[in-house]
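What follows is one structure encoded as structure tokens, with my remarks underneath.
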There are 2 protein chains.
Amino acid sequence: MKFIFKLEQTDKLTKARLGSFIYNDVLYETPMFMPVGTQATVKTLTKEELKEIGSGIILANTYHLWLRPGEDIVSKAGGLHKFMNYDGPILTDSGGFQVFSLANPKDITEEGVTFKSHLNGDKLLLTPEKSIAIQNKLDSDIAMSFDECPPASATHEYMEQSIKRTLRWAKRGKDVHNNPNQMLFGIVQGGPYQDLREYSAKETVKLDFDGYSIGGVANDGESKEYMYQAIDYSIPHLPENKIRYLMGVGEPIDLIEGVIRGIDIFDCVLPTRLARHGHAFTKYGKINLRNAKYKEDFSKLTNECDCYACKNYSKAYIRHLIVANETLGARLLSIHNIRFLIKLMEDIRNSIKNNNILEFKEEFIKNYYGESHE
Amino acid sequence: MKFIFKLEQTDKLTKARLGSFIYNDVLYETPMFMPVGTQATVKTLTKEELKEIGSGIILANTYHLWLRPGEDIVSKAGGLHKFMNYDGPILTDSGGFQVFSLANPKDITEEGVTFKSHLNGDKLLLTPEKSIAIQNKLDSDIAMSFDECPPASATHEYMEQSIKRTLRWAKRGKDVHNNPNQMLFGIVQGGPYQDLREYSAKETVKLDFDGYSIGGVANDGESKEYMYQAIDYSIPHLPENKIRYLMGVGEPIDLIEGVIRGIDIFDCVLPTRLARHGHAFTKYGKINLRNAKYKEDFSKLTNECDCYACKNYSKAYIRHLIVANETLGARLLSIHNIRFLIKLMEDIRNSIKNNNILEFKEEFIKNYYGESHE
């Protein structure tokens, strides 16, 4: 269902913002980190666990759900909320990023992108109209425009053609969007080029979307400097009263830097992916539970966290579960890692309220990147 | 910790019994099905979920925990209860069954069994003394004697030598057992041979254990007729006031037939293994959620069950999770399948209380094996 974003406060020294919206009678605050439920499930977790750790909007992937189980089945179930029995807000991406990262080979034309399914090799065509039609049927609360995600290494010439095509795709998608209960967000691209980021932002805003995202910063191997610049180039041209969404970013420091630059919402598979590999966020940096030093470490996963895993289990036990390939291990670390990022966002919001987000950032960096506690 | 089994009621027409014991101030009733937590975790589930579905004793595997993380680590954690943070009763098996089923090649001598670790190929020796020493350190509430598990196809001559050696092993284990908070159970073997089952039962009872199990019935490919006969041959020679445990059995009909023949507790990996393969127990037989007919079946997993999965999710959604290889699928089906067996035991206990277990069995068979509902 549609909800109204309210800008509550803007920081004096930075571009950081506090915002809020009400959905199903629940108040949600931004800046917010959104857990990713690629296949209509945040890996290993139930909706009750997501609520317990304070999660707000969750993400589902159009590309994956189009391929399996198919948007028609989700639609017949009554939409994503009913299919997965989740009554919080859901955002679907456009499938664009997955088409460019998962599906190969691909052929990009004005019509759309032809590619082979990563599941069975079937040749498929995803167009702006198709992406929106799928998302309309999935009935998420926020749909994303279909965009191209070129690598940051693309030439200025290529990138210019690409963002102009993405703008034409955004317009085509908006024209066919046909779900009165669903918002539609536009996406700013442009790679490392200031003029193209500015052009993309201004022209996307002219199309008048319900919110705006900054894309193309989460591709493999791109530097933080590139990411921060891409945000800085784009943000001044986005309206104050709409949600600003940085796509695919979840490293703690990037959440802080993103907020300082004016971002409201983030998503990333990082916390659940790290969990499956046995890694846990801590105040003092990431730790790898597979490390032999945790074999006989019967202390709690972390002392500072209020999550179910930290309250109930030791490093040694969680290490055993991970090493023995028991899914409870990934589940406990998923709970913890997502909670860590959600708690980080709570702390960030408090630092904005207290007008000390820059001090908060310094303190965070000192702990997280300071003398190794491993 | 030690607890006292109390025989509450014996059925008039069958050998079925009702029993009870108190552990940590909680009353547990038998007949009981025990979920298996091979590696100190009932696959995919938390202790809270186990409690919610009414589980009593859970099982952990000595062989697996010996190899990983090692009994010394569990001991340093304060024992299995503290290691896995579980305050309900825990039974450990002896490792015998795993040595015979998982580890190859193996060499059986009077001393014990030499075999290669299924994890890294290390050559290891498990003896009765070692098995008990490991279980003493794991600090489970019930330890099992180390036994040989020959296949039902073994000759009378082999089986006779085997059960005599298993008796000597049982004595050796009892002699070194050294944990005042842990009970020790003996195991009756003897394959399909009435004289050997009787001999094994009588001689094991002479050693005076805290409880008795019937083993060697859950090997691959053995018939139900063989299992029921093995129980019938053994039970008359076991004391009334001690728990009788049928090892490795979890098919619903076998739980009913086992109870009718005088069994008090059962364990099996079946409910969690079936879950990982996408199967669910229902009143009308097992169903395979991978079946295409469930693609658009938005009805609840089952109508009759009170578990979290049945209350919250449709067949179509759980099917999607299983097909998409999402662990929430196995988790939901594990909750359901274990709950199904625990609820079945509740129903069995009620049928004993109501003196109608034979009618209960007929009704169960009519539904479960009747006209296919698939």
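Look at (1) among the acidic types (Asp, Glu); (2) part of a loop (DSSP other than H, G, I, E, B); (3) more than 25 Å from A:Leu328 (Cα to Cα) and you find that B:Asp87 fails only one, number (3).
Yes/no per residue for (1) within 25 Å of B:Ala60 (Cα to Cα); (2) of a type in the set (S, T, N, Q); (3) in the same structural domain as B:Ser314 (by TED's automatic domain parsing):
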| residue | (1), (2), (3) |
| --- | --- |
| B:Tyr212 | yes, no, no |
| B:Ala218 | yes, no, no |
| B:Tyr228 | no, no, no |
| B:Val259 | yes, no, no |
| B:Ala292 | no, no, yes |
| B:Leu301 | no, no, yes |
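Close contacts from the range A:282-296, counting a first residue that is among the hydrophobic types (A, V, I, L, M, F, W, C) and a second that is crowded, with 16+ Cβ neighbours inside 10 Å and part of a loop (DSSP other than H, G, I, E, B), with Cβ to Cβ under 7 Å and a gap of 6+ residues or different chains, come to A:Leu289/A:Gly278. Do we have A:Met34 as in a loop (DSSP other than H, G, I, E, B) and either surrounded by fewer than 20 Cβ atoms within 10 Å (Cβ to Cβ) or within 18 Å of the chain's Cα centre (by Cα) (or both) here? Considered against the rule, which asks whether it is in a loop (DSSP other than H, G, I, E, B) and either surrounded by fewer than 20 Cβ atoms within 10 Å (Cβ to Cβ) or within 18 Å of the chain's Cα centre (by Cα) (or both), A:Met34 comes out as no.
In the set B:Lys311, B:Lys286, only one residue is touching a strand residue (DSSP E or B) at 6+ places or on another chain (Cβ under 8 Å), within 14 Å of chain A (Cβ to nearest Cβ) and of a type outside the set (Ser, Thr, Tyr); that residue is B:Lys311.
Quick grid of which residues meet (1) closer than 26 Å to A:Gly211 by Cβ; (2) over 21 Å from the mean Cα position of the chain (by Cα); (3) in contact (Cβ under 8 Å) with a residue 60 or more places away in the chain; (4) within 14 Å of another protein chain (Cβ to nearest Cβ):
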position: A:Gly54; (1), (2), (3), (4): yes, no, yes, no
position: A:His64; (1), (2), (3), (4): yes, no, no, yes
position: A:Asp87; (1), (2), (3), (4): yes, no, yes, yes
position: A:Ser131; (1), (2), (3), (4): yes, no, yes, no
position: A:Ser145; (1), (2), (3), (4): yes, no, yes, no
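Set side by side, the residues A:Arg331, A:Arg319 differ, and just one is of a type outside the set (Ser, Thr, Tyr), part of a helix (DSSP H, G or I), more than 25 Å from the chain's Cα centre (by Cα) and within 14 Å of chain B (Cβ to nearest Cβ), which is A:Arg319. Number of residues in the range B:279-294 that are within 18 Å of B:Thr327 (Cα to Cα) and surrounded by 16 or more Cβ atoms within 10 Å (Cβ to Cβ): the value is 3. Scanning the range B:171-191 for residues that are within 19 Å of the chain's Cα centre (by Cα) and of a type in the set (S, T, N, Q) yields a count of 2.
Is it the case that A:Asp107 is out of contact with any strand residue (DSSP E or B) (no Cβ under 7 Å at 6 or more places or on another chain) and in the same structural domain as A:Lys171 (by TED's automatic domain parsing)? When the stated conditions are applied, A:Asp107 does not pass them. Of all the residues that make up the range B:334-359, how many are surrounded by fewer than 18 Cβ atoms within 10 Å (Cβ to Cβ), in a helix (DSSP H, G or I) and in contact (Cβ under 8 Å) with a residue 40 or more places away in the chain? Residues that pass the stated criteria total 3.
Per-residue answers, yes or no, for (1) in contact with a helix residue (DSSP H, G or I) (Cβ under 8 Å, 6 or more places away or on another chain); (2) without any contact (Cβ under 8 Å) to a residue 60 or more places away in the chain:
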residue: B:Tyr226; (1), (2): no, no
residue: B:Glu240; (1), (2): no, no
residue: B:Gly250; (1), (2): yes, no
residue: B:Leu255; (1), (2): yes, no
residue: B:Val259; (1), (2): yes, no
residue: B:Asp267; (1), (2): no, no
residue: B:Arg273; (1), (2): no, yes
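The values are calculated or read from the model by the stated rules, or taken from the named source; none is laboratory data. Remember, predicted model here, so these are calculated numbers, not experimental data. Cβ sites come from the backbone with ideal geometry, for glycine too, and all protein chains shown count toward neighbours.
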